[in-house]
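Comments concern the structure below.
The values are calculated or read from the model by the stated rules, or taken from the named source; none is laboratory data. What you are looking at is a predicted structure, and each value in this text was computed from that prediction instead of being measured. No Cβ is skipped: glycine too gets one built from the backbone with ideal geometry, and neighbour counts run over all protein chains shown. To get the accessible areas, we keep the full protein, side chains included, count just its heavy atoms, and leave off ligands, DNA and RNA. Shrake-Rupley method; radii C 1.70, N 1.55, O 1.52, S 1.80 Å.
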Amino acid sequence: MDWNSTPAEQAEPPMSRRSSLPLSSTIPASPNTVWVDATPLLQAACTDLLDGELIHGENFNLFAAMSALEIMDPKMDSGMICKYYSVDEAIEDGVGPVPISFDRTTDVQCTLDIMDHLLACEEEDLFTMAYGLPLDGDGDEKSLSLLNAVEENLCRQLRACKAQSSRRKQDMEPLQSDIDMEEGYCKALLCRLRFRKHFFHVLACMRRPQGKGLELARKHIASSISELECIRKSADFLISTASGGCSIGIEDRTTASGRKPIGFDASLNSRVSAPAPPRSIKMLSWNKAIEYFEKLLRDLDFICSYSLDPSLEVLLRFVTQFQSSRPDLVARSHLQLLLVQEGRLYGRDPMFAVITRAAGLPETTKNHDIQRYESVMQLGQLVINMLKIVCTNTAWQRRKLGKSLQDWRVIYVQLELAFTNKFGEVLATSNDENGVARVVKQILIWLEEQAYWIAFRFLMLGFELELYSPSEFFMVYWYLYAVLVKLAEKTDSRMEITEITAAKRKGKKRKDSSKDVGRETRIPPAVRFLQCQIHLVEGLTLVIILWISSYVCLLQAALRNEMAALHSLTPFNSEQEIFLQHFELLQKACIPEQITYHSFKESTSYARFSNIATPNCFQQAQKLAKELRSSFSNDHDRLAELRRLEQVAEHNSVAMNVICQLGAVEPNSLKVSFEFIHHPCYATAVVRRA
């Protein structure tokens, strides 16, 4: 290796470099060059270095790393020897022959291997322009007609194989030379072709406007899953036909037979791919590829099962449930394309109609003149952006939701100011039942409620992404409690106004104040569901306070009752910096208002173990969860969530009692940890003997 060569010499074409170097073990030096055998150094480094690590001198820095020569990387080390340097060169050398073989049995076997390997390759990125592959050549219709023609021929071939008379067998020429294997090969080819055809129809039906092809797509999804099962079953037959048996391990093979497919060379990708930092790519095994498509089809089926409910609240619950299965990019993209089409929900409902329906306004309000105002149109665009964001991956979704909160806050202020200035006198009156005041008021209430829902979703996604360390749970649950309380308030306000408006439309007037009292006792199930979570979060906050307080009693006698040492400072971040890192986006949007680090510190700094009120919030949460079952008897997702909340409450209630009884007396005898056993976001306190 030329350690002293210039960049121009290193960038010399690889063929010229190879031809210019002698093949002898000793390379003669030149006046300006000293050659050193670096093989022992590289061999030693290979045993110690991990992916991404570099060998460098003391003066090596980031700038140098960006321009360094990485040995054995085809895009950076121009002297690396590759067998082929272009697709054309590989084809000329016979890597991808057509036909594959003049032996018909070998030709069928290799065709099946290629089909299986292509299936495994589809987890991988494919930039067709970079590889010169015009996959849309003659259009989908011609490809589909070819698939149908080949399928029909194979069906005839399979029927001929099953026929009893030898005369019918001779009517058609077999696919390959071994008649006894003909049926197995026909079935293996048929199920792979049929899977491709049905999968194509799935994607085509889901792309139809306004969700008109979802019902048909579900039928093709069922057929695709059935064909995948047939593909899986064909593995035993194909392994038995492989000459010399299966030489590749089951976790590494990319074909059902275990043979290496013809026509693939991984080194070509390194040469023709777009300039980018090197990354290690592990190809999916054949079994993993089948499992991937099975999950993808289940996710697509879940999308197609949706009733296209016009309610935004129902829609957001559906998307949240869908995201809990961790769908991949393909499924999430199809969901986004279904939700937003040409600026409308499902391609049919204008966004202003979606907003008025979510705000609990009458159906006739969707034609109200205020939809023409700029701030209202901007609100509609915010809803569109939110629907797109909730369809993205978890990390991207959390970041975008947090950043969008400031936009929701700005729109709220703009709407309030615009209509106060323009319709100030009207808004000040209370008898404007059919005018602007009622519409604006309910939209503003809903807008606040939606902003708090986004904040709630933002905080919950942090648990799914494991962004919070156990030492930060107290801070996060404290903030989550404040958000949930405001969300419950706004939801209750919106539902109360909706109920009053509906009663007035029906001519029902409240004759006395007794009905107002009755309404307070009839809290809507959606609000009680939030209250259940409020009790749960409040209980978790108390458990952590009790545990840390008792721990402080043991370690710091002088400050045993002070919560100033509630959180230990890390070497890199103070408690205030951690607070800002987690909640800065919410703080910028003033969600909730008057909630700052100082209010957090003030509410926790002077808490004492002896004066902490210990109401068993978990028992209240558990009671609410049981009572709400009847309200959501037809909602399986809500029932499952209530069961999870009930389990968290039940176990934490026991843990709180143990900490209260033994924490103050024998704090050193307890070891408390917080684990997500029953719920992905609400922790369960596990108390053990130290």
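Computed FRET efficiency, Cβ-Cβ of CYS155 and LEU337, R0 25 Å: what is it to the nearest 0.05? The formula returns an efficiency of 0.15 here. Between LYS83 and LEU118, what's the calculated FRET efficiency when r is the beta-carbon distance and R0 is 25 Å? Round to 0.05. With a Förster radius of 25 Å, E is 0.70. Once R0 is set to 30 Å, what does the formula 1/(1 + (r/R0)^6) return for the Cβ-Cβ distance between VAL410 and ARG528, expressed as a FRET efficiency to the nearest 0.05? Calculated value: 0.40. Among the protein heavy atoms of region 343-420, carbon and sulfur supply 51% of the accessible surface, probe 1.4 Å, non-protein parts ignored.
In order along region 578-590, the Karplus-derived 3J(HN,Hα) couplings, from 6.51 cos²θ - 1.76 cosθ + 1.60 at θ = phi - 60°, round to 5, 4, 5, 4, 7, 10, 4, 5, 6, 5, 5, 8, 6 Hz, and Gly and Pro are given as x.
Under the 0.36 nm per residue contour assumption, what length would be gained going from the current alpha-carbon distance of LYS162 and LEU54 to full extension? Taking 0.36 nm per residue and subtracting the Cα distance, the gain is 32.6 nm. Extension gain for ALA29-ARG689 works out to 230.5 nm (0.36 nm per residue, less the C-alpha to C-alpha distance). Computed with a 1.4 Å probe over protein heavy atoms only, the accessible area of CYS46 comes to about 110 Å². Net length available on complete extension from TRP396 to ASP252 is 48.7 nm, with 0.36 nm assigned per residue and the Cα-Cα distance removed.
Taking label points 7 Å from Cα along the Cα-to-Cβ direction, SER325 and ALA204 give a separation of 2.4 nm.
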